[in-house]
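The values are calculated or read from the model by the stated rules, or taken from the named source; none is laboratory data. All values reported here derive from a predicted model rather than from experimental measurement. Here the Cβ is made from the backbone with ideal geometry for all residues, glycine too, and neighbour counts use every protein chain on show.
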């Protein structure tokens, strides 16, 4: 399940405090959202996000290219 909420950091913290397991820490993403994911105690996967900025297609493409370049470089050394 993917939810957009007003404050994903607070939502995420409440979920983890209530027994959910973090599967991806809340961080700013290249597409303009602040985003994180967790698994609830019943086994359901949740993704929570807060929209931080609206991007043009060109800006999102530029950021995506940079993200994947950095990802490849980091994993080339693993």
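Assorted remarks:
- Every residue from segment 56-73 that is in a helix (DSSP H, G or I) and more than 16 Å from the chain's Cα centre (by Cα): 57, 58, 59, 61, 62, 65, 66, 69, 70, 72, 73
- Verdict on residue 53 being part of a loop (DSSP other than H, G, I, E, B), surrounded by fewer than 13 Cβ atoms within 10 Å (Cβ to Cβ) and either touching a strand residue (DSSP E or B) at 6+ places or on another chain (Cβ under 9 Å) or modelled with pLDDT under 95 (or both): yes
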